[in-house]
Amino acid sequence: MKVITSINEIQSEICKQRSMSKTIGFVPTMGFLHEGHLTLIKEAREENDIVVLSIFVNPLQFGPNEDYATYPRDFERDRALAESEKVDYLFYPSVEEMYPQSSSVTVAVHRRTNVLCGKSRPGHFDGVATVITKLFNLVMPTRAYFGKKDAQQVAIIEGLITDLNIPVKIVPVDIVREKDGLAKSSRNVHLTSDDRKQAIVLYKSLQAAKKAIEDGERNPDHIVNVINDLISPAPNAKVDYVNILTYPHLEPLEKLDGRFIIALAVRFSNIRLIDNMIFEGTRED
């Protein structure tokens, strides 16, 4: 595995591989790798000749009161994990390398952002779209791998590549969960033991919603109430949102039909956790 920190070097290496008609699988991350990230890498390894992993904590997607400074970082641990998964190139640029001066051009996202996480994080997805556009231009991947846990992000990136005609195939990968159902996240390490015990209510509430849908419930408001009624007794839980929307367009719906997502965000102390389920009609997708 080769660790690369400069834009010029990653572009040179990728051009070399593309000249040999190699397929390139790309896994963009902010590091502090967990099993969810490793699942993305495994899929990329199975489907491509070359695997590129990027680790970059992107300041553009953090708001002024968010956790950029305290976001967990452990490069040596990440390097060892990447090497064990047979990553070919680990791209690890500094902020100065990615943003050497004040940008004259950034990407603005106009749809799919005023709901879910985007509603309470103005500008967040502009930052995501900007860095992903830069990374796609640098890595020029055949396929790029994203976890379904960040389903709104996946929807926005799918819109990005469609609208800007970026020649990359997006591969969404199923959520990886702990044994008790909690979705794997880099932020889980910050949960207190009490918060961690209570956080399993997120998956339990989604499971209850799924059962209600399988039993014939088609009213989105009723499903939202099912979820809220299960989460509200957890003393440390503060619900940010519970929404049901079409997917991937993320628009309101009056009846559960077609493809839709049930998504939620809940804070435990100062840690904000997200989870979701995507359905194709009444079946989990």
>> What are the pairs with Cβ atoms under 6 angstrom where one residue, in the range 144-170, is farther than 15 Å from H124 by Cα and assigned by TED's automatic domain parsing to the domain that holds I41 and the other, located anywhere, is crowded, with 22+ Cβ neighbours inside 10 Å and of a type in the set (F, W, Y)? Sequence gap at least six, or different chains.
In response: A144/F26
> Looking at the range 13-63, which of its residues are of a type outside the set (D, E), within 12 Å of T142 (Cα to Cα) and part of a helix (DSSP H, G or I)?
Replying inline: I14, Q17, R18, A44
>> Can you list the helices (runs of 4 or more DSSP H) lying wholly within the range 149-238 that have 3 or more residues being touching a Gly at 6+ places or on another chain (Cβ under 9 Å)?
In response: 151-163, 201-214
>> Given the criterion outside the structural domain of D229 (by TED's automatic domain parsing) and of a type in the set (K, R), identify the matching residue among K179, K197, K210, K204.
In response: K179
> Quick one: would you say F125 is assigned to a helix (DSSP H, G or I) and in contact with a Gly (Cβ under 9 Å, 6 or more places away or on another chain)?
Replying inline: yes
> Is there a residue in the range 224-245 that is out of contact with any helix residue (DSSP H, G or I) (no Cβ under 9 Å at 6 or more places or on another chain), under 25 Å from E158 (Cβ atoms) and surrounded by 14 or more Cβ atoms within 10 Å (Cβ to Cβ)?
Replying inline: no
> Taking the range 75-117 only, how many residues are assigned to a helix (DSSP H, G or I), closer than 29 Å to R45 by Cα and in contact (Cβ under 8 Å) with a residue 40 or more places away in the chain?
Replying inline: 9
> Are any residues in the range 215-257 of a type in the set (D, E) and either under 22 Å from the mean Cα position of the chain (by Cα) or over 30 Å from L160 (Cα atoms) (or both), and if so, which ones?
Replying inline: D215, E217, D221, D229, D240, E251
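The values are calculated or read from the model by the stated rules, or taken from the named source; none is laboratory data. Just so it is clear, the model here is predicted, and its values are computed rather than measured. Heads up, the Cβs are rebuilt from the backbone with ideal geometry, glycines too, and the neighbour counts pull from every protein chain shown.
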